[in-house]
1. Of the numbered conditions (1) within 25 Å of B:R404 (Cβ to Cβ); (2) in contact with a Leu (Cβ under 7 Å, 6 or more places away or on another chain), A:T20 satisfies every one except a single condition; which is it?
2. Is it fair to say B:D234 is more than 22 Å from B:I273 (Cα to Cα) and among the acidic types (D, E)?
3. Across region B:315-343, which residue is farthest from B:I24 (Cα to Cα) among those that are of a type in the set (S, T, Y) and surrounded by fewer than 19 Cβ atoms within 10 Å (Cβ to Cβ)?
4. Residue under question is B:R284, and the condition is that it be of a type in the set (K, R) and modelled with pLDDT under 80; does it hold?
5. Tally up the residues in region A:144-167 that are within 11 Å of the chain's Cα centre (by Cα), in a loop (DSSP other than H, G, I, E, B) and closer than 17 Å to A:L97 by Cα, please.
6. Hey, among A:K12, A:K5, which residue is on the phi < 0 side of the Ramachandran plot, touching a residue at least 60 places away in the same chain (Cβ under 8 Å) and not hydroxyl-bearing (S, T, Y)?
7. With the requirement that a residue be within 20 Å of B:D261 (Cα to Cα), hydroxyl-bearing (S, T, Y) and at pLDDT below 80, what does region B:45-90 give you?
8. List the pairs whose first member sits in region B:310-334 and is within 13 Å of B:A410 (Cβ to Cβ), whose second member is not in a helix (DSSP H, G or I), and whose Cβ atoms are under 6 Å apart, counting only residues at least 6 apart or on separate chains?
Amino acid sequence: MALIKVKNLSKKYINDGVSTPVLHDISFEINKGEFVAIMGPSGSGKSTLMHILSFLDRLSSGTYEFEGKDTKDFDDDYLAVLRNESVGFVFQSFNLLARTTVLDNVKLPLVYSKKKDHDGLAKKALDSVGLSNRLDYFTNQISGGEKQRVAIARALVCNPEVIFADEPTGNLDSKSGSVVMQILQRLNDKGSTIILVTHETDTANYAKRIIRLKDGGIISDEKVSERTIGEIVK
Amino acid sequence: MDYSNLKLVFRSLLARKGRSILTILGIIIGVAGVIIIIALGAGAKSLILGQITKLGSDLISVQPGKSNEKGPPAQVFGIVITTLIKEDAEALRSEVVHAKAVSAVATGSVSVTWGNRTIDTNLISTDSAYPNVISFDMESGQFFGTQQDNVVVLGSSVADLLFLGSDPLGKVIKVKSASQKEAGGVPLRIIGVVAERGASFFQDQDDQIFVPLAIGQQQILGIHYLNSINIKVDASENISRTVEDVERVLMQRHRIQNKVDADFTVRNIADAIDILSVITDALRLFLTSMAGIALIVGGIGILNIMMATVAERTREIGLRKAVGAKKSNILSQFLVEAGVLTLLGGIIGIIFGIIISFLITLLMRYLGYDWAFVVSLSSIALAIVVSILTGVIFGLYPALKASRLNPIDALRYE
């Protein structure tokens, strides 16, 4: 059974009576343990697709099944539970709480979960991104790369099925960016499903499968190994 | 509510210290107002009740002039009414069955001279029955009897001011009306000094001298009328009957047919309590509504800062929703924040209220009133509940607004 299965997914925004189609007729499946990059130029709808997949937004038509269940029937509170337990987010702009320590930032999702031992879980997550020595730092006292690693620890802390990363290296220098990508790769090696949105080829190359979007539709969906072989043949 | 969440609430309030304090100023004033009003009300009540128990509730007072049932007597407005005379008091003494003691009183302002010292004081011209109606102790000597004239009894502060600690008994002082221009006065021998009585009904009871009625009325004040007749009733259950008897006797004497045309007013202490209650209740209602307005203004301040806070923290709300916060979590977070803010205001207000009530108590005691310092637990509980409620009511709209934000829009908010 696929972890994520979308069929004929469409999304349009309606603003002041004007309908703007963003995604149309998208279908694909993602299995547990995959590392998928969604690529495309700006305006191609890749972020919107990620928001729908990560339960931050709803589709307009088509179906989206998560772990075999149609998400159409989920109410707002259940979507909140899924965002808490089943998915983790890494944003381009980090989105850490100001005036708050690294440890408290990582503990934030636990505030809304039933899990116990918040300190222990948060410290374990920070350890896995190599930030055990920054627990009591405030978020304005650490570098950009460290901020993104805190965000990854926060995404990990509830042990989700999928980690969604929206341009995670977009605000980082190349060195910090590659540290972040190596962490995501290592998580994938340990079995985590990673879905990455990016427009940078370097970043996308960490993934094992790339879905390319253009003007709201899929133009290609290929495994990285296949693509590489294809390019060699060419 | 998670501990780290509560920590965040405090951190976010501390980060905007100045603004938070300004916001809760209205709450502080309102709550301090409530505490002070309740404390003053209780203090005044205990003071008045204390004085009434001292006077005794079995006292009836007749005053000249008709007046509204619940309103103050005409004298309060400076109107002189001359219809009540000594013979009225004598008639009441002989005809009212339950009158244990009756004393006629004529009052005025006088100058008292001894040696080269002169002071102004209040004159009470009355008869020997006065101590039987209004009870007080003598410090030295005694009150005058029926056959004495040319004698005087001093209030304690008059004795102190005039004799500076030396024994006044047997000395002769000169007393003249304050309006009399020429020197001199009626020489009177001091036969007693009243023990200190303190203030009562906002009048210093020690700044007085007592002289026999005939001397005071005719020789000093030059009047023929009385300012009041005080009657002590033999038992409190006979009060209303005695009031009727007094009215009947006086109407007969004054040839008045109809009670509404009466040129006098009969009051008992219970009526006086009622009048005072009406005044204090009205005052309390007025002040409470002032405090209420301060609380509403404070609430609008809370509404304002919470709206600003929600706008400022839109991205944070988006993030919280993205990591699993439900609508109810966001709603409760902002409600708790508003509640904490106003509770803080409430606590500061309570502290200020208690301090100010205490200072007022000190002032009243300094002025000689037997004023009790009363800050009831119920008034503190009320203040706390009201302040939290203000926060929750005025924080509700911003909190609802925050909880309804779409996570994606909130995350994208700049």
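1. That leaves (2) as the condition not met.
2. When the stated conditions are applied, B:D234 does not pass them.
3. If we take residues in region B:315-343 being of a type in the set (S, T, Y) and surrounded by fewer than 19 Cβ atoms within 10 Å (Cβ to Cβ), then B:S328 is farthest from B:I24 (Cα to Cα).
4. Yes.
5. 0
6. Within the list A:K12, A:K5, the selection yields A:K5.
7. B:S67, the sole residue that qualifies.
8. Matching pairs, first to second residue: B:T314/B:Y413; B:R315/B:Y413; B:I317/B:L405; B:L319/A:N95; B:A322/A:F89; B:A325/A:Y112.
The values are calculated or read from the model by the stated rules, or taken from the named source; none is laboratory data. The structure displayed is predicted, hence computed values, not measured ones. Don't worry about glycine lacking a Cβ; one is built from the backbone with ideal geometry, like all the others, and counts go over all protein chains shown.
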